[in-house]
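Trainee: The structure under discussion is supplied below as structure tokens; questions concerning it will follow.
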Amino acid sequence: MAQPESPQSAPAATGRPRPADLLRLPPTMPVPDYDGGSLVNLMASLIAARGGTAVAPQLRTLPAAALADTTTLVLLVIDGLGADWLARHAPHGLLARHRHATITSVFPSTTAAAIPTFLTGLPPQQHGLTGWFTYLRELGSVMTVLPGHPRYGGASYGSAGIDPARLFALRSVFTQMRTRGFALAPAHIAYSDFNRALSRGAEIHPFRSLAEMFRRARRLVRRPRGPQYLYLYWPELDRLGHEQGIASPAALAHLAAIETALADFLDAIAGTDTLVLVTADHGQLDTTAADRIALDDHPDLADGLALPLCGEPRAAYCYLRPGRVERFLDACGAHLGERALLRPSADLIAAGLFGPGPPHPRLAERVGDYTLLMRGAAVIRDRLPFEAPHTMIGVHGGLSAAELNVPLCLLRP
């Protein structure tokens, strides 16, 4: 197996002001390193290594030249696997032993923004998908973007006659690469409207278990027809973190199961010219009841909103009612105090928090007037009248090292 390489160096000087400085963020709020140390840059290296042309700088510690001669590149995304959490709970495990670097996710540090980056190579600034709940003005609805349903429930994109490929108009990494591509995803999402739209050009392989995911990947690795790229997505650690806490015994036991299955996979593909890259879309941090803020408990906050809070409970987009802006700002100061930073969403875009490059034409519509950046482990939620209460212990989406920093591990059979 490959030996661990040196960790990622400090961000390179670019001469540009940092988003944290422009937004006056405290030192406890790190920001994505889009200049060469983020998921965006990892995808740039992979796209270029498979013959494509990336729009972002390549990963500083892993340029395309280091990958291009390998027959099979496998990217395994373990949803919810934070770098700090991995180092704390499995410092001598398989993944920690093969850690190449710690890189950053995107903002917001959440599946709904990071998975589109894995599938398109673009930062949220350019792909325009900004959180679990996203207001799509063109549909006149707040949507759960990945499942593709209005927040209040009802028909999915396809069932409503909406073609998500036309709706999002994003080019997948599989069509940017000049080699065969495969997308391995859990059976319940493998052929979803969203996954099919953003996995165009890939051969999709569904699976129903960790063992089946690696079994399907093994078959593809063992029968290459020239250079190829495999994308594997495993969501179970994230689910356990949400339900039981990322520090729970169940989450720690599942990490051990992942490492065991990965070791078996590496043994099964021994002798092939393969590099397995393991990373995550984000990490998690655990919350307590004291960290959870319910908008129902603050009617003067809710009174200033024209829409339900969008985005994420750790990074909430606020759409304000005309004439209520000052009252809303005052209410935030009175009720949230040091638990949140309130910033104009236009400032987040201008500062580059969503990434570099020209903004998506609808980005401003999708991030509201103001954004609540929650501090510590605080979360803020509102609930539609008929939504069932849903408490998550492990959360993500915000600007903390636990959420933002993810490992990049390199393993050769």
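Rule-based calculations on the coordinates, nothing more; no lab input. Treat the numbers as computed from the prediction; the structure is a model and nothing was measured. When we count neighbours, we look across all protein chains shown, and the Cβ atoms used for this are built from the backbone with ideal geometry, even at glycine.
Trainee: How big is the Rg/Rh ratio for the range 97-180, C-alpha atoms only, Rh by Kirkwood, two decimals?
Mentor: Working: Rg = 14.8 Å, Rh = 14.2 Å.
Radius of gyration over Kirkwood radius for the range 97-180 works out to 1.04.
Trainee: Over all distinct alpha-carbon pairs, what is the Kirkwood Rh of the range 289-395 in angstrom?
Mentor: This gives a value of 14.5 Å.
Trainee: If you don't mind, another one. Using label points projected 7 Å from each Cα along Cα→Cβ, tell me how many nm separate Ala290 and Ala160, to one decimal.
Mentor: The modelled label-to-label distance comes out at 4.1 nm.
Trainee: Under Stokes-Einstein, with the Kirkwood radius over Cα pairs standing in for Rh, what whole-number D in µm²/s applies to the chain at 20 °C and 1.002 mPa s?
Mentor: Values: Rh = 21.6 Å.
Roughly 99 µm²/s, to the nearest whole number.
Trainee: Also, I was wondering about something else. Return the percentage of antiparallel bridges among DSSP beta bridges fully within the chain, rounded to the nearest 5 %. Don't skip to the end; give the middle numbers.
Mentor: Numbers: 31 of 58 bridges.
Approximately 55 percent, going by the DSSP bridge assignments.
Trainee: Starting from the Cα of Ala256, step 7 Å along the direction of its Cβ; do the same at Leu329; then give the gap between the two resulting points in nm.
Mentor: Output for this residue pair reads 5.4 nm.
Trainee: A follow-up question, please. How far, in degrees from 0 to 90, does helix 210-222 lean away from the longest principal axis of the Cα atoms of the chain, to the nearest 10?
Mentor: On a 0 to 90 degree scale, this one is about 50.
Trainee: Follow-up. Expressed as an acute angle from 0 to 90° and rounded to the nearest 10, what is the orientation of the C-alpha long axis of helix 325-335 relative to the principal long axis of the chain?
Mentor: For helix 325-335, the angle is close to 80 degrees.
Trainee: Taking chymotrypsin sites (Phe, Trp or Tyr not before Pro) as exposed when DSSP calls them loop (any state but H, G, I, E, B) and at most 14 other Cβ atoms lie within 10 Å, what is the longest stretch of the chain free of them, the sites themselves excluded?
Mentor: Maximal segment without exposed cleavage sites: 192-385.
Trainee: How many nm separate the modelled label positions at Ile189 and Asp297, each set 7 Å beyond the Cα in the direction of the Cβ?
Mentor: With each label point 7 Å from Cα toward Cβ, the separation is 3.0 nm.
Trainee: For the range 142-301, just say rounded, prolate or oblate: build the C-alpha gyration tensor, square-root its eigenvalues into a ≥ b ≥ c, call rounded for a/c under 1.5, and beyond that prolate if a/b exceeds b/c, oblate if not.
Mentor: Oblate, because a/c is 1.5 or more while a/b does not exceed b/c.
Trainee: Related question: Write down, largest first, the equivalent ellipsoid semi-axes of the range 244-319 in whole Å, where each equals the square root of 5 times an eigenvalue of the alpha-carbon gyration tensor.
Mentor: Whole-Å semi-axes of the equivalent ellipsoid: 43, 17, 7.
Trainee: Rounded to the nearest 500 deg cm²/dmol, what is the calculated helix-only ellipticity per residue at 222 nm for the chain, with -39500 (n - 2.57) per DSSP H run of length n ≥ 4?
Mentor: Numbers: 18 runs with 131 residues, N = 413.
For the chain, the value works out to -8000 deg cm²/dmol.
Trainee: Quick check: Cα centre of the range 167-238 to Cα centre of the range 399-413, how many Å?
Mentor: The range 167-238 and the range 399-413 have Cα centres separated by 20 Å.
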